[in-house]
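Step one of this worksheet: look at the structure below.
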Amino acid sequence: MSSQQANSHRGHGSDPATASAMVADRLSPAGRLIGLDVARGIALLAMMVTHIFALADETGMPTWAAVFAGRASALFAVLAGCSLVLSTRGRLSERGRLRDAAPSVLIRAAAIVLVGLCLGSISTLLAVILVNYGIMFALALVFLRLRAGALFAIAGAWMLISPAVSMLVRSTYFLEPSYLPMGFFDFATPGTMLTDLLLTGYYPVLQWMSYSLLGMAVAKLDIDRHLLGLFTAGLGLFILGRGTSWILLNVFGGDAALVQDSQMWGIDLSAALFTGSYGVTPATSWWWLAIAGPHSGTPFDLLSTGGTAVMTIAACQAAAVLLGRRSWALAPLSAPGSMPLSVYAAHVVLLEITRPQIVGDPVEGAATVAEQTTEYSIHALVFVLVPLLWKMCVNSRGPLEGGIAATIRASSLRRPASALRGRG
């Protein structure tokens, strides 16, 4: 056998190993916090549960799916804060300036808002989070230079104060909650659009900024070195939120006051406590701020769901650390989690195609449990398998994420040389 043939033979023999290594590198890139991708994947699949399964049965009692109500979207928002810090870390070196990171952040925020408006214009089933998400992404830029300690303090204060500010403003001006998805047609009424974004929508920016700040604080830490501390802190926030709410309702008379108020105004108290409000509580009594129900935007809802998000992030990253080089085994979750914008947008579109009736309402004609299970299985399989194949065969970024990254790169190339001076 000639040396050329031998080399060719060795090369072909190493191809399977090389291919396996390349696949593993694509699914678990070196230097990436795979645990955060896993957490995003969990948030996406959990949100699909709340979009497809009924949160209450025929009697109005919560189903198993209600466990994910409010928590999935909160995890998504906390991870958004993490992404903001991680995506700008290279641009914010010790000698860097905020304006070095601002263009990329604002381009990403604008792209998210644009995608959100497109989805909101076609969605008849969901309160699409992306417009609010993009606005929070842009606003969080103001806090980007702060250290972890300051961000944790501000996030905690924001969770406690913003719900009271919201209640005061809404009760003073008689503002009602709004469940409508935000689309391009809302520009016809800019005042109402702004009010829904900040105060009365399903994801009011006033309260939800606390999640972004909390995520930024987490990402400012060396997450791998603080996994136990983060999990413990998250558990503490969860206990503080749920425990304080329970005491206020059951020991200090809040429950009786809310029963009376809900009967007076025709409010479904059970739904507010267990399956979800419309982003904010009723403004008929200050006792509503004592509940910790999903999407209620109270201090105790924010604390408990924020704590759950931090615990999830710590647990997911711990799993990735323990697996080490074998963290590619988490790819069924990390692959969709690495392209959350693409997966979320595709899920909204697919839901519109496959679901002509409102999902989750326990009314006559709603989908049966078997139909909901079948539909969820389709969404889960599609949005696990397609991202896996995309990462292995096409690109490490999702299509929308890749488009945004390309826009940011093109914008950076067009910036004048003077704007790049002073970088390390």
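Key figures for this structure:
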read-out: Number of the exception - V128 against (1) in a helix (DSSP H, G or I); (2) in contact with a helix residue (DSSP H, G or I) (Cβ under 8 Å, 6 or more places away or on another chain); value: (1)
read-out: Test: V105 is of a type outside the set (D, E, K, R), surrounded by fewer than 22 Cβ atoms within 10 Å (Cβ to Cβ), under 23 Å from L350 (Cβ atoms) and within 19 Å of the chain's Cα centre (by Cα); value: no
read-out: W288 buried (at least 24 other Cβ atoms within 10 Å of the Cβ) and either more than 15 Å from the chain's Cα centre (by Cα) or at pLDDT 95 or above (or both); value: yes
read-out: Checklist (1) surrounded by fewer than 22 Cβ atoms within 10 Å (Cβ to Cβ); (2) in contact with a Leu (Cβ under 7 Å, 6 or more places away or on another chain); (3) outside any helix (DSSP H, G or I) applied to A138, failing item; value: (3)
read-out: Residue match in region 238-260 (condition: at pLDDT 95 or above, in contact with a Gly (Cβ under 8 Å, 6 or more places away or on another chain) and closer than 22 Å to M47 by Cβ); value: yes
read-out: Tally of residues being surrounded by 14 or more Cβ atoms within 10 Å (Cβ to Cβ) and farther than 15 Å from A43 by Cβ across region 375-394; value: 8
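Here's the yes/no breakdown for (1) over 23 Å from the mean Cα position of the chain (by Cα); (2) modelled with pLDDT under 95; (3) under 21 Å from L175 (Cα atoms); (4) among the acidic types (D, E):
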residue	(1), (2), (3), (4)
D268	yes, yes, yes, yes
F274	no, yes, no, no
T298	no, no, yes, no
D301	no, no, yes, yes
T308	no, no, no, no
A318	no, no, no, no
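The values are calculated or read from the model by the stated rules, or taken from the named source; none is laboratory data. Because the structure is a prediction, the values reported are computed rather than measured. Virtual Cβ from ideal backbone geometry, glycine too; neighbours counted across all protein chains shown.
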